[in-house]
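Scroll down for the structure; my scribbles are underneath it.
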Amino acid sequence: MRYRKASPQLDVFSMLSHEQAVTQAVEGINKLSKVIDWELFREELEPVLGYAQRDWSKGGRPPIDPVLMFKVLVLQKFHGLSDEACEFQIRDLFSFMIFLGLHPWDAIPDARTIWDFKQALEWDGRDGARRLFERFDQILTEGGLIGRKGSIVDASFVEVPRQRNNRKENEQIKEGERPEGFEEGSAKERQKDCDARWAKKNNETHYGYKNHVKVDAKKKLVTKYETTGANVHDSQVFDKLVDENDEAVLADSAYLSEEAREHLLECNCQDFIQLKGYRNHTLSEEDKKRNKLRSQIRVRVEHVFGRMSQLAVDRLRTIRKLCLCVLPGLAKGRPLFRLRLSVFGESLGQADDYMKINSVEAFLVSCPLPEPLVLSFYGGVRTVLKRDAMFICVTADNRLQGFAPGPAHERAEREIREIISPFLEGRDPSAWTSFDFKGDLELTKTYRAVEIAVMDLMARFEGCPLSDIAGGAKRDRIKLYGSAGMYMEPERFAEEAVAIAGMGFSAYKMRPARGPDADLETVRQMRAAAGPDVGLMIDAHSWWRMGDKTYSLETILGLANAMAEFAPTWLEEPLPPEDHEAYARLKDAAKFPIATGEHEPDEGGFMDLFDKGCADFIQMDVCCQGGFAMGNRIFEKVKEHGLRFAFHSWGTNLEVLAAAHLGVCWEEDVVEWLEFPCYSNDGRPGMYPFPAADEILREPLAMEDGYLVLPDGPGLGIEVDESIVEKYPFIPGPWSYFKIDSPPETVAVTGDHSVKWVEGEQPS
């Protein structure tokens with residue numbers, strides 16, 4: 001047997017070809033060179049290191065290019081490497097060489113050279129580190145990555161190991177003196193910290209330093225910093241952080257003083273410092289609202305401190321090293337370089353390895369109805385006992401959390417607890433697109449709901465709306481329709497249509513199924529009552545095909561064409577969802593749009609809808625059918641075929657909000673409608689009471705002129721209220737069941753999406 005051997009290719013052209021292939025394939029730090037001109041740092045590096053002033057004619061080995069060494073430190077801190085490991089990886093990885101502009105035949109900086117370079121920067125007495133930081137800041141500002149429209153000022157403790165000095169030594173250190181034996185360069189001096197100080201806050205003692213920073217409010221980039229002992233009050237460095245380049249400044253109440261306000265006036269800067277109440281001078285309700293709004297923006301600086309803490313900045317030993325912690329990639333702590341990496345909007349490989357998933361939890365809640373709701377339909381009776389909901393919480397090791405709605409049934413909760421959570425624990429959340437459960441369709445669907453929570457976590461971490469992670473918002477709002485009534489008399493449907501329109505919705509969806517004649521009369525009365533400008537969606541929910549009293553295709557076609565006189569927006573799922581051939585025939589013959597999709601089992605089912613031409617409106621539920629990634633692929637097909645999309649969302653406000661973040665990433669002529677379930681909470685018009693639907697979010701959704709306006713905060717933009725888990729404990733069992741007259745049959749369902757109940761005994 002003969003085998004072809006790989007022939008050696010050591011010529012320059014083959015090497016260049018290999019280099020090109022690696023450059024195209026690599027994901028990660030090489031992308032930085034697209035946004036940063038590293039040569040811009042040369043004018044700062046050479047004076048700091050004394051390279052330009054040294055007389056090389058007197059001999060000595062010339063140093064390695066300082067810009068190259070600077071890039072070596074960027075690599076080192078980006079990947080969290082020791083000096084030795086960094087040397088090895090430069091020799092071993094072609095991608096490292098490409099980033100550094102090296103070839104295999106070039107001299108490679110060894111571990112000692114890397115260490116010496118860091119020491120030269122670290123011990124420079126000309127504030128070279130700060131000048132490099134300021135240069136980096138200038139580059140980003142000129143590149144438009146820092147807008148300076150608003151800044152956030154705050155401070156954080158940096159803990160260091162507590163000293164074991166005697167009383168006399170502590171007194172001398174406190175007075176700024178150097179105790180005997182602490183001389184510069186001595187062994188004892190290297191083990192002691194003479195710059196750290198004690199401080200007390202909220203009855204907790206801290207020993208170390210304070211990192212005072214100013215952060216760009218939009219991009220979360222640190223634009224200025226000061227480092228002091230822990231005992232220095234936040235307000236004492238306010239004037240050093242805020243300057244005439246700032247248009248507006250947000251800060252907590254620790255900065256509230258006449259001096260701070262005078263400084264803001266001098267800088268012609270708007271004052272958004274948190275107000276503080278005093279005894280006999282409590283804050284007004286208006287002041288409390290202002291504070292709440294400011295805190296929603298100001299919280300972004302906590303993400304900065306969280307990342308710095310996560311990257312071990314809170315373990316520095318001396319103030320000389322601490323001053324370098326804010327310089328990208330130079331100090332032992334390595335925080336801010338990674339902070340800056342997060343703003344470029346592209347996957348940067350190892351850039352996000354600082355955050356790991358700690359846990360994934362799914363919480364089920366139940367709201368039992370005061371009395372079972374019994375609804376008669378054509379051929380049987382439906383009884384509603386309760387409503388269930390699920391929310392998913394993904395927690396990272398830096399305590400940040402991401403949330404998402406989930407399929408509200410016990411199987412999904414068990415899958416998340418037993419399979420998905422152990423699978424994700426310890427993984428980098430930025431790599432969510434690489435996670436999958438191939439071969440298990442139902443498990444994959446459940447994971448795609450979890451994936452939304454992971455994306456929310458990343459968006460909160462980056463300080464951007466979830467829509468930015470989902471694809472990038474093209475608009476800030478999405479059109480809603482109110483969804484409510486089921487199996488009522490025509491007169492009650494007409495009343496509800498008027499009431500829903502009165503709530504600000506431009507369209508109303510209902511569920512008939514009282515027989516062909518009654519369904520037609522219902523649509524007639526709704527149109528007469530609501531007027532010509534209110535959209536009417538008729539949702540048969542495939543219930544026209546239950547039991548012996550099934551509407552035939554001919555009956556459905558005749559009914560649809562008779563309803564066309566009243567200009568409904570669409571007729572939804574009048575046939576079994578799997579019968580695509582029948583849908584294609586109905587769509588060709590119907591005089592107004594047909595909608596379907598919310599019961600498709602997989603992506604292949606949706607593709608078949610497109611191929612066969614089954615509908616005018618395609619529907620999907622992001623938390624039950626495939627998440628954001630699949631949603632975007634379906635939207636692309638909707639656009640390609642000239643159709644329209646409408647979200648199915650029959651759960652809580654969390655579901656509505658999550659779907660909206662995906663929907664606004666597309667134009668309205670592609671993603672047109674978002675379903676808003678109307679429940680009779682607090683006496684409002686609606687289906688039945690389901691208080692958890694509203695209470696799951698700490699703030700109400702913002703609606704204007706029939707549109708949901710997305711919040712602009714990080715992630716979902718609104719916080720989930722986890723207390724509903726205790727308030728509405730989960731009740732096992734189906735939430736609803738159908739009793740069909742002929743043939744006698746009971747079908748119990750669970751979850752928000754009519755998943756058949758299989759976990760326990762069906763009700764009799």
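Quick note: the coordinates plus some simple rules give every number you see, no bench work behind them. As the structure is a prediction and not an experimental result, all values here were calculated from the model. Virtual Cβ from ideal backbone geometry, glycine too; neighbours counted across all protein chains shown.
Just a few scattered comments:
- T205, T228, T522, T569 arranged by Cβ crowding within 10 Å, fewest neighbours leading: T205, T228, T569, T522
- Nearest-0.05 FRET efficiency for R524 and E286, computed from C-beta distance (R0 56 Å): 0.65
- Kirkwood hydrodynamic radius (C-alpha pairs) into Stokes-Einstein, region 357-461, 10 °C and 1.306 mPa s, D in µm²/s: 106
- Our estimate of slack between A589 and R417, defined as 0.36 nm per intervening residue step minus the Cα-Cα distance, is 57.2 nm.
- Distance-filtered residues of region 386-404 - backbone nitrogen under 18 Å, label point 7 angstrom along R427 Cα→Cβ: 392-398, 401-404
- Highest mean packing first, where packing is the average number of other Cβ atoms within 10 Å per residue, the peptides 262-273, 617-628, 92-103 line up as 617-628, 92-103, 262-273.
- Under 17 Å from the D705 label point (7 Å along Cα→beta-carbon), backbone N, region 465-479: 475-479
- Principal axis box of region 470-711, alpha-carbon based, largest edge first, Å: 46, 43, 31
- Packing-based ranking, highest mean first, of 713-721, 601-609 given that Cβ atoms within 10 Å are counted: 713-721, 601-609
- Neighbourhood charge, 9 Å Cβ-Cβ cut-off, centred on L708 and excluding it, Lys, Arg +1 and Asp, Glu -1: +1
- For R382, R414, order by how many other beta-carbon atoms lie within 10 Å, fewest first: R414, R382
- 25 Å Cα-Cα threshold exceeded, pairs from K201/K288; K474/K509; K200/K727; K174/K224; K214/K474: K474/K509; K200/K727; K174/K224; K214/K474
- Computing FRET efficiency as 1/(1 + (r/R0)^6) for Q119 and S359, where r is the C-beta to C-beta distance and R0 is 41 Å, gives about 0.50.
- Counting every alpha-carbon pair across region 460-534, the share separated by more than 22 Å comes to 41%.
- Entry note: region 386-537 has Rg to Rh equal to 1.13, where both radii use alpha-carbon atoms and Rh is the Kirkwood radius.
- Pairwise FRET efficiency - R684 versus M607, Cβ, R0 = 45 Å, nearest 0.05: 0.70
- 20 Å reach of a label modelled at D741, 7 Å along Cα-to-Cβ, counting backbone N of region 554-573: 555-556
- Cβ-based exposure ranking for M455, M486, M563, in which fewest neighbours within 10 Å come first: M486, M563, M455
- The residues packed around G558, meaning those with a beta-carbon under 13 Å from its beta-carbon, carry a net charge of -3 if Lys and Arg are +1 and Asp and Glu are -1.
- Modelled this way, with points 7 Å down the Cα-to-C-beta line, the labels at I108 and K174 are 5.3 nm from one another.
- C-alpha center-to-center spacing [region 577-635, region 445-491] in angstrom: 19
- Looking at region 395-485, the GluC sites (Glu not before Pro) that sit in a DSSP loop and have at most 15 other Cβ atoms within 10 Å of their own Cβ are E425.
- Positive-end ranking of G686, L674, H661 along the dipole of region 659-699, with charges on Cβ about the Cα centre, is headed by G686.
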